[in-house]
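The values are calculated or read from the model by the stated rules, or taken from the named source; none is laboratory data. The model shown is predicted, which means the values in this text are computed figures rather than measured ones. With ideal geometry, Cβ positions are generated from the backbone for all residues, glycine too; neighbour counts draw on all protein chains shown.
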Amino acid sequence: MSDNSHDHHEAHTGPVKTPKQMLLLSLASFIIPVFIIIGLVFYVTSANKTAPGASDSEKSVAQRIQKIGSIEVRDANRPLKAGEEVYKAQCVACHAAGAAGAPKFADAAAWGSRIKQGLETLVTSALKGKGAMGAQSGGDFNDIEIARAVVYMANNAGAKFDEPAAPAAASAEKK
């Protein structure tokens, strides 16, 4: 049969040698994870969070559902602004410094080739945009006012354009 000549009487022992140690180890293996879980719960729940239904949520909902565009009703019968006023309000930012390739105000050399193209071409470029200049049509000023600003800038660079008058249809309605 089998020959078991090995004489092992040594018991397999671990780090726990007494029943008291076993009891303490069992309690510690239960209590330590419980305290870790309690600490994590306290950490998560102590964060600064707004309560559901707080006023901030109303504000954020309003921002999410706000309209993309809006309609602004203006007085159609207001007096038209002069070219200089429109230039100072709309055009001076780029044309005073010559930013983004814009011809500088009163610079005859920069405006010369543009003036040769004619007033209609200059006004069309201003209304529809050209190069880095965005379209001016549909902004704060109507097309006649933009044309007046173009005439003001071109005339200060040597052109002899007449300032556009108010449309005849508007004059007839006022009578």
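Checking SER2 against (1) modelled with pLDDT of 85 or more; (2) exposed (fewer than 10 other Cβ atoms within 10 Å of the Cβ): exactly one of these is not met. Which one?
Of the numbered conditions (1) modelled with pLDDT of 85 or more; (2) exposed (fewer than 10 other Cβ atoms within 10 Å of the Cβ), the odd one out for SER2 is (1).
Results for (1) closer than 21 Å to ALA97 by Cβ; (2) among the acidic types (Asp, Glu); (3) out of contact with any Asp or Glu (no Cβ under 9 Å at 6 or more places or on another chain), shown as yes or no for each residue.
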| position | (1), (2), (3) |
| --- | --- |
| LEU127 | no, no, no |
| LYS130 | yes, no, yes |
| MET133 | yes, no, yes |
| GLN136 | yes, no, no |
| GLY139 | yes, no, yes |
| ILE144 | no, no, yes |
| ARG148 | no, no, no |
| ALA157 | yes, no, no |
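Only one of these conditions is not met by ILE68: (1) exposed (fewer than 10 other Cβ atoms within 10 Å of the Cβ); (2) outside any loop (DSSP other than H, G, I, E, B). Which number is it?
(2)
Would you mention how many residues in the range 85-106 are part of a helix (DSSP H, G or I) and buried (at least 16 other Cβ atoms within 10 Å of the Cβ)?
Of the range 85-106, the ones part of a helix (DSSP H, G or I) are 85-95, 99-101.
Cutting the leftovers down to buried (at least 16 other Cβ atoms within 10 Å of the Cβ) gives us 86-87, 90-91, 94-95.
Residues that pass the stated criteria total 6.
Taking ALA109 and the conditions (1) small (Gly, Ala, Ser); (2) under 17 Å from ALA157 (Cα atoms); (3) assigned to a loop (DSSP other than H, G, I, E, B), which numbered condition does it fall short on, given that it satisfies the others?
Of the numbered conditions (1) small (Gly, Ala, Ser); (2) under 17 Å from ALA157 (Cα atoms); (3) assigned to a loop (DSSP other than H, G, I, E, B), the odd one out for ALA109 is (3).
From the residues in the range 24-72 that are of a type in the set (Ser, Thr, Tyr) and modelled with pLDDT under 85, which one is farthest from GLY139 (Cα to Cα)?
Looking at the filtered set, the residue picked out is SER46.
Mind checking whether some residue in the range 149-156 is aromatic (Phe, Trp, Tyr) and more than 19 Å from ALA166 (Cα to Cα)?
Within the range 149-156, none of the residues are aromatic (Phe, Trp, Tyr) and more than 19 Å from ALA166 (Cα to Cα).
For the structure I just gave you, tell me whether ALA126 is modelled with pLDDT of 85 or more and touching a Lys or Arg at 6+ places or on another chain (Cβ under 6 Å).
Considered against the rule, which asks whether it is modelled with pLDDT of 85 or more and touching a Lys or Arg at 6+ places or on another chain (Cβ under 6 Å), ALA126 comes out as no.
Conditions tested, residue by residue: (1) closer than 23 Å to PRO79 by Cα; (2) buried (at least 18 other Cβ atoms within 10 Å of the Cβ).
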position: ARG114; (1), (2): no, yes
position: GLN117; (1), (2): no, no
position: SER125; (1), (2): no, no
position: LYS128; (1), (2): no, no
position: ALA132; (1), (2): no, no
position: ALA135; (1), (2): yes, no
position: ASP140; (1), (2): yes, no
position: ASP143; (1), (2): yes, no
position: ARG148; (1), (2): yes, yes
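Evaluate the following for GLY134: is it within 27 Å of SER70 (Cα to Cα) and out of contact with any Leu (no Cβ under 9 Å at 6 or more places or on another chain)?
Considered against the rule, which asks whether it is within 27 Å of SER70 (Cα to Cα) and out of contact with any Leu (no Cβ under 9 Å at 6 or more places or on another chain), GLY134 comes out as yes.
Looking at (1) in a helix (DSSP H, G or I); (2) without any contact (Cβ under 8 Å) to a residue 12 or more places away in the chain; (3) closer than 17 Å to GLU163 by Cα, which one does LEU122 not meet, given that it meets all the others?
Only one criterion in (1) in a helix (DSSP H, G or I); (2) without any contact (Cβ under 8 Å) to a residue 12 or more places away in the chain; (3) closer than 17 Å to GLU163 by Cα is unmet by LEU122, namely (2).
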